[in-house]
1. Can you find a residue that is under 29 Å from V11 (Cβ atoms), charged (D, E, K, R) and open to solvent by 40 Å² or more (accessible area, probe 1.4 Å) anywhere in the range 40-56?
2. Look through A55, A25, A47 and report the one residue that is more than 17 Å from R119 (Cβ to Cβ) and in contact (Cβ under 8 Å) with a residue 12 or more places away in the chain.
3. Would you confirm, using the coordinates I've provided, whether L82 is among the aliphatic types (A, V, I, L, M), at pLDDT 80 or above and part of a loop (DSSP other than H, G, I, E, B)?
4. Any residue that is among the basic types (K, R), within 17 Å of L15 (Cβ to Cβ) and part of a helix (DSSP H, G or I) - is there at least one of those in the range 122-129?
5. Quickly run through the range 64-88 and pick out the residues that are in contact (Cβ under 8 Å) with a residue 40 or more places away in the chain and closer than 16 Å to V16 by Cα.
6. Open to solvent by 50 Å² or more (accessible area, probe 1.4 Å) and charged (D, E, K, R): is that true of K22 in this structure?
7. Pick out the one residue from T165, T155 that is at pLDDT below 85 and open to solvent by less than 30 Å² (accessible area, probe 1.4 Å).
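The values are calculated or read from the model by the stated rules, or taken from the named source; none is laboratory data. Note that the structure is predicted; figures quoted are calculated from it, not measured. Positions of Cβ are backbone-derived with ideal geometry, glycine not excepted, and every protein chain shown enters the neighbour counts. The accessibility values were calculated without ligands, DNA or RNA, using every heavy atom of the protein model including side chains. Shrake-Rupley method; radii C 1.70, N 1.55, O 1.52, S 1.80 Å.
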Amino acid sequence: MTMSFKRLTPVTDKLVETLSEKADAFEKLESLFEQQLDALRNGETDALGPLATEAQDCTDTIDDLRQTYQRQARLLIRMLELEEDDPSLETLIEVLEQRAPSAEASTRLAEARAAVLERAESAQRTNDTLQFALEYAAGLNHELLAAVQQAAVDTDRRTYTADGTAESGGGEHSLVNTVG
């Protein structure tokens, strides 16, 4: 292959840089998921909205970085004169290993790829936990709302006292069992 390794290095460096930024973005996303979990645990529901918005911004950043990576990878594919239009990152790493005079570029790319995968999987696990917690909280909220609505209906009923007389519900109904 006549391709000069000197010309490949800056392209590979940019690819490594983009992957590194993507790994950092996944790390930030996981942190935001953890902050949402903490807010749920501590009953700080007002914090959930802003954190969810920040997480969405972070997801948008990851998507932008994915597009940047794809452009950079296409340039590297053209430079390496590969047959495949969209080879995997693994394939790019293998080709770089074969064609580069030193394994440094392919090693750095492989390490960057591993970091992204690790952080993405970790963020996904935290997100799964968050989704479960949110669904659980929503279920509790639904049950509480149903109890409140039922209490409102119950207020129209008559109450029989110990001496056998009937009293009007009077509009007040405690959600707390005061008897024990």
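1. no
2. So the residue among A55, A25, A47 that is more than 17 Å from R119 (Cβ to Cβ) and in contact (Cβ under 8 Å) with a residue 12 or more places away in the chain is A47.
3. In short, yes.
4. There is no residue in the range 122-129 that is among the basic types (K, R), within 17 Å of L15 (Cβ to Cβ) and part of a helix (DSSP H, G or I).
5. Answer for the range 64-88, where residues must be in contact (Cβ under 8 Å) with a residue 40 or more places away in the chain and closer than 16 Å to V16 by Cα: L65, R66, T68, Y69, Q72, A73, L75, L76.
6. No; evaluated as a whole, the condition is false for this residue.
7. T155
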